[in-house]
Amino acid sequence: MLATEKSEKKPQIKSLDTLFIQTYGCAMNVYDSSRMSDLMQEAYGLRVVNDPVDADVILMNTCSIRENAENKVYSELGRYKKIKDKRPDLIIGVGGCVGQQEGDRIQKRAPYVDIVFGPQTYHRLPEMVKEIRRDRVRVTEIDMPEIEKFDHLPKPKVEGLTGYVTIMEGCDKFCTFCIVPYTRGAEISRPVEDILEECEQLIEAGAKDISLLGQNVNAYRVEGDGEDVGFADLLHLVGGLEGMERLRFSTSHPMEMTTELCEAFAEIPTLMPYLHLPVQSGSDDILKAMHRGHKREDYFKAIEELRLHTPDIALSSDFIVGFPGETEEDFELTLDLVRKVGYDSAFSFKYSPRPGTPASKSEDDVPESVKDERLQRLLALLREQSRERMEQQVGKTLDVLIEGKSKNEGDLRGRTPDFRIVHFKGNPRLVGQTMPVNITEAYNMSLRGELIIEN
Ligand code: 5AD
Ligand code: SF4
């Protein structure tokens, strides 16, 4: 669908030089934003600025998972309107999941917005901008074409040492609380060759830590022409690329933790020992009401199998407290699951209904005060576990990828294989190298260490 609408009094738009992108939400949005900026740089030579006041084009890459997502977008847009009042040439675009969900409604409520686009249509941004400049129209593009966008994107750029590659999009799981299947569409996997090529480009551009992204990466599957490549196969292919140093992926679903995938961590030397495996709740009744498709026992089995092959694997998860109907007993089962699994880190959320989801039709019956109290209890337990796991690193010698200078004068900052931040003294010329560091102290969010040898 391409809807355009004449807006009468818009003045002629002058040359475009600068771009500001405001990004909300998940790693996929961070990836999408970096591709948008690559695109706009290629098409218009735009320079990215850090302050919207200096921008000729402002793009918001929004996230509908945030509570009150639409309202937050409109209030942010109010700020941009003030800039546009002074500089009517300014182009404002709203993309991402709120763009997808709200569509034309955005320009009804905020007529100064020029472009509305979704996660699957941002490759057409240069064209949309051209149309606005030529015809002075407003554009809404929220089609869900078959993952064509990847064929229209320029070579990815690497910022620092990390690179991201989207390997699949969308989600077919339809958890009852979640908006993603409606905003990002059905699961669809990118061809293997495209993924390998993009990874090679990133490696060539200096990426040393590459993350494969998707809403449900372990649902990755490409079939046909005698080919049948599942996610574990893909990891073997990508992990074995020449020059690949560190490989990660996010996010996985417990239902598709195959034996091959559990084994992959032990079999692929470049695959880092870190897994984000959201469980949301430890109660079978709530898991069922959430339509998660697995029981707590299945989750334990997956963790057990992972640890059988990679005992030290770092684990993180997402939790929702106060889902409709969640009793104190249900919540205690979540605490019990956390105690049994033992996490390195986690993201915890109070349930809130997202318009358009099945759960939003049930009464949001857990009082806010109870949600608050449960969240605090869960966070306290997770903090304690995470601190314990940090303490366990003291005395170990870990391979640290040195990412840059630390904020502390004279210190460097790097990452362990399981993604912990380490600060240590060292020469800045070591940036980009992986060196063994002896861990001497643990804090809540980071470690301190000493380089074994400085070369
Ligand atoms: N309420 C609270 N948390 C939610 N999440 C997704 N939808 C909701 C909601 N309606 C959380 C889930 C998911 C993470 C990305 O956001 O925990 O894994
Ligand atoms: Fe949302 Fe569930 Fe799909 Fe994750 S698996 S994106 S929580 S519907």
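The values are calculated or read from the model by the stated rules, or taken from the named source; none is laboratory data. Predicted model only: the values in this text are computed from it and were never measured. Cβ sites come from the backbone with ideal geometry, for glycine too, and all protein chains shown count toward neighbours. All accessible areas refer to the heavy atoms of the entire protein, side chains included, with ligands and DNA or RNA removed. Shrake-Rupley method; radii C 1.70, N 1.55, O 1.52, S 1.80 Å.
May I ask you to verify whether Pro181 is in a helix (DSSP H, G or I), closer than 30 Å to Pro355 by Cβ, within 14 Å of ligand 2 (Cβ to nearest atom) and open to solvent by less than 40 Å² (accessible area, probe 1.4 Å)?
The answer is yes for Pro181.
List pairs: first in region 383-408 and open to solvent by 80 Å² or more (accessible area, probe 1.4 Å), second of a type in the set (Ser, Thr, Tyr) and modelled with pLDDT of 95 or more, Cβ under 6 Å, 6+ apart or cross-chain?
Asp399/Thr434
Within region 313-328, which residues are in contact with a strand residue (DSSP E or B) (Cβ under 6 Å, 6 or more places away or on another chain) and open to solvent by 10 Å² or more (accessible area, probe 1.4 Å)?
Residues satisfying the conditions are Asp318, Ile320.
Give just the number: which of (1) within 16 Å of ligand 2 (Cβ to nearest atom); (2) in contact (Cβ under 8 Å) with a residue 24 or more places away in the chain; (3) within 25 Å of Ala359 (Cβ to Cβ); (4) open to solvent by less than 10 Å² (accessible area, probe 1.4 Å) does Leu275 not satisfy?
In the conditions (1) within 16 Å of ligand 2 (Cβ to nearest atom); (2) in contact (Cβ under 8 Å) with a residue 24 or more places away in the chain; (3) within 25 Å of Ala359 (Cβ to Cβ); (4) open to solvent by less than 10 Å² (accessible area, probe 1.4 Å), Leu275 misses (3) alone.
Across region 158-173, which residue is farthest from ligand 1 (Cβ to nearest atom) among those that are surrounded by fewer than 16 Cβ atoms within 10 Å (Cβ to Cβ) and in a loop (DSSP other than H, G, I, E, B)?
Per the criteria, the residue is Gly160.
Can you give me the number of residues within region 17-38 that are among the aliphatic types (A, V, I, L, M), open to solvent by less than 20 Å² (accessible area, probe 1.4 Å) and at pLDDT below 90?
Within region 17-38, residues that are among the aliphatic types (A, V, I, L, M), open to solvent by less than 20 Å² (accessible area, probe 1.4 Å) and at pLDDT below 90 number 1.
Based on this model, can you work out whether Lys301 counts as surrounded by fewer than 19 Cβ atoms within 10 Å (Cβ to Cβ), closer than 26 Å to Gly25 by Cα, without any contact (Cβ under 8 Å) to a residue 12 or more places away in the chain and among the basic types (Lys, Arg)?
Criteria not met by Lys301.
Quickly run through region 279-298 and pick out the residues that are in contact with a strand residue (DSSP E or B) (Cβ under 9 Å, 6 or more places away or on another chain) and either part of a loop (DSSP other than H, G, I, E, B) or among the hydroxyl-bearing types (Ser, Thr, Tyr) (or both).
Correct list: Val279, Ser281, Gly282, Met290, Arg292.
Provide a single number: the residues in region 369-407 that are of a type in the set (Asp, Glu), part of a helix (DSSP H, G or I) and more than 19 Å from Ser345 (Cα to Cα).
2
May I ask you to list pairs of residues, at least six apart or on different chains, whose Cβ atoms are under 9 Å apart, with the first in region 245-265 being within 16 Å of ligand 1 (Cβ to nearest atom) and the second being acidic (Asp, Glu) and open to solvent by 10 Å² or more (accessible area, probe 1.4 Å)?
Listed by first residue and then by second, the contacts come to Thr251/Asp318; Pro254/Asp298; Met255/Asp298; Met257/Asp298; Met257/Glu305.
Residue by residue through region 193-221, note down the ones that are within 11 Å of Thr251 (Cβ to Cβ) and of a type outside the set (Ser, Thr, Tyr).
Scanning region 193-221 gives Leu212, Leu213, Gly214, Gln215, Asn216, Val217, Asn218, Ala219.
Test of understanding: among Phe331, Phe424, which residue is at pLDDT 95 or above, in contact with an Asp or Glu (Cβ under 9 Å, 6 or more places away or on another chain) and surrounded by 20 or more Cβ atoms within 10 Å (Cβ to Cβ)?
The conditions single out Phe424.
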